[in-house]
Every structure is written in structure tokens, then in C-alpha cells.
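The values are calculated or read from the model by the stated rules, or taken from the named source; none is laboratory data. Not measured: the values here are computed from a predicted model. All Cβ positions, glycine included, derive from the backbone under ideal geometry; neighbour counts span all protein chains shown.
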Amino acid sequence: MPTLSYRVMTKTDRYEILALLREAMKKSGSVELELQERTLSCQFLHIDLQSFSIAFMEELCDVATPLEFVIKGSNERIGFTTSRLAEQNVPGGLAFQFPAEITLAQRRSEIRITIAEHHNFFCEGRFRDGFSHKLRVKDLSRNGIGLIYDRPLPELTRPGMLLKNMLLMLGDLDSFTVDLTVLSIKEITSLDEMNKECTHHIFSCQFHKPSPDFSRKMEETVMGIVLEDKRMKRLR
């Protein structure tokens, strides 16, 4: 996503940390961590004041050094470092020490929302390998978009490249032809429903020279989804 201004806070009160992590766990359901230049995504299982647990991943079993964790929300990011509790047995999972402190980074402006699969938002177009590729929209903001690609990375695809004349399909709302600047590409390894490892890539892109009308439409789309989500929560 485009570079934005963040308000960064460090939290050390254990009860406040517990409340923030439980809320993040409820909203996101997963946590990311870095291991040997790979980004792993694990299901967040449980947390209390002594420890927390994530879904079992084989490559984490023998790691003795502290690991950096990140939980991403729509407008905030929680980061912390902690170590595995090798002696604690968690059926189907791995236990880690409760973090002594966390860093909470909140966006000062620009709402970015995660797009659920039922919205059927996609982006399709030709890449530098000469083929057209279809990517699911992961998140959306006024100025940029996150895309999920679940196949091997297309040849010649690199950060900094310009994707021209991409078709942005916003479900039943509308479709637009857009140019995208790829800001970064992250490879994510996670577990599927059968507990098998699977890999996908996340493209963080910025709309390239958007018109004022297009930016206004994106802002209206984002706010419309936010309001609809709030309405649906009230009805539950």
C-alpha cells in the first residue's frame, strides 16, 4: 500500500496487551511471522496471560531463537517478539510465551479494508510474461489495492513494475480499467483445510495517476463496504 503516516505506541500492561491481542485474534484469526526470509501465516488458536498458541507448523519445531510476530488489521498492525515454549504441549499447535510488550501502529488517515471473498472483487490483466492473470482483491483503499495470487509467481514480475490496463472488477458495483504500480510482493506460506502447506503471493499496489473521479469512486466504495459490514453486524 502507499506510504502512510502511522501513530506508533508501545504497550507493556499485560491486561491491555491481552485485550488487544484477543480483539486482533477475533478479527484476523491469523498471525504472520518471519523465518529464514520466508513469511509464514498461522492460525491463532488461543491466548491467556501466560502464553498463546498457533497452529502446528513443522519448520517451527526446532526454532530456539525468538521470533517476530505481526497481526494485521484494517487500520492497525500489532508486532511483538517472543519465544516458543517447547515444554508446553498443545494438541495440534505450538505454544509461545506471552509477549512482554507489543508495538501498536495505527494509520492516521486513509481507510484500508479487507475484502471478503463473497464480494467477488478481482483484478485481471496482462503481465510482462505475455499472459493475462486474474488475482483476487485482498484489500482496498482510496489510493491502492492488495491482490492475492495463488499460483507460481509470473515470470518477470518484480516490485516497481507498472501493470497497465488492468481490469478491476468490483463485483456487482462496477468495473474499471486501471494502471497499477507494484510496490511490493510478499510470499506467504500457510496451512490449508487439510493442514497441508500452501503458498501464495500478495501484491501491494498503488493506483498509477488516478483521476479525481476514480479516487472518489474508490473512497465511496470503501465507505459503502464499511457501513454495510456494520449494518450486518447489528443484524446478527
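Laid out as a table, the results:
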| quantity | calculated |
| --- | --- |
| Residue within region 214-232 that is outside the structural domain of residue 60 (by TED's automatic domain parsing), assigned to a strand (DSSP E or B), crowded, with 16+ Cβ neighbours inside 10 Å and among the polar types (S, T, N, Q) present | no |
| Top-ranked residue of region 86-109 - restricted to ones that are in a strand (DSSP E or B) and of a type in the set (Gly, Ala, Ser), ranked as modelled with the highest pLDDT | 95 |
| Qualifying residue in region 110-128 (condition: within 16 Å of residue 171 (Cα to Cα), outside any strand (DSSP E or B) and in contact with an Asp or Glu (Cβ under 7 Å, 6 or more places away or on another chain)) | yes |
| Test: residue in region 59-77 that is in a strand (DSSP E or B), modelled with pLDDT under 90 and more than 21 Å from residue 19 (Cα to Cα) | no |
| Region 20-53 - residue that is assigned to a helix (DSSP H, G or I) and of a type in the set (A, V, I, L, M, F, W, C) and, of those, farthest from residue 92 (Cα to Cα) | 20 |
| Region 169-220, residues that are at pLDDT below 90, within 30 Å of residue 40 (Cα to Cα) and either of a type in the set (Gly, Ala, Ser) or over 18 Å from the mean Cα position of the chain (by Cα) (or both) | 171, 190, 193, 194, 195, 196 |
| Selection status of residue 102, surrounded by 17 or more Cβ atoms within 10 Å (Cβ to Cβ), touching a strand residue (DSSP E or B) at 6+ places or on another chain (Cβ under 9 Å), in the same structural domain as residue 12 (by TED's automatic domain parsing) and closer than 30 Å to residue 56 by Cα | yes |
| Residue 124, sole failed condition from (1) within 27 Å of residue 16 (Cα to Cα); (2) touching a residue at least 40 places away in the same chain (Cβ under 8 Å) | (1) |
| Every pair of residues 6+ apart whose Cβ atoms lie under 9 Å, when the first sits in region 190-201 and is touching a residue at least 12 places away in the same chain (Cβ under 8 Å) while the second is of a type in the set (Gly, Ala, Ser) and part of a loop (DSSP other than H, G, I, E, B) | 195/92 |
| Considering residues of region 148-193 that are outside any strand (DSSP E or B) and charged (D, E, K, R) only, the residue farthest from residue 224 (Cα to Cα) | 155 |
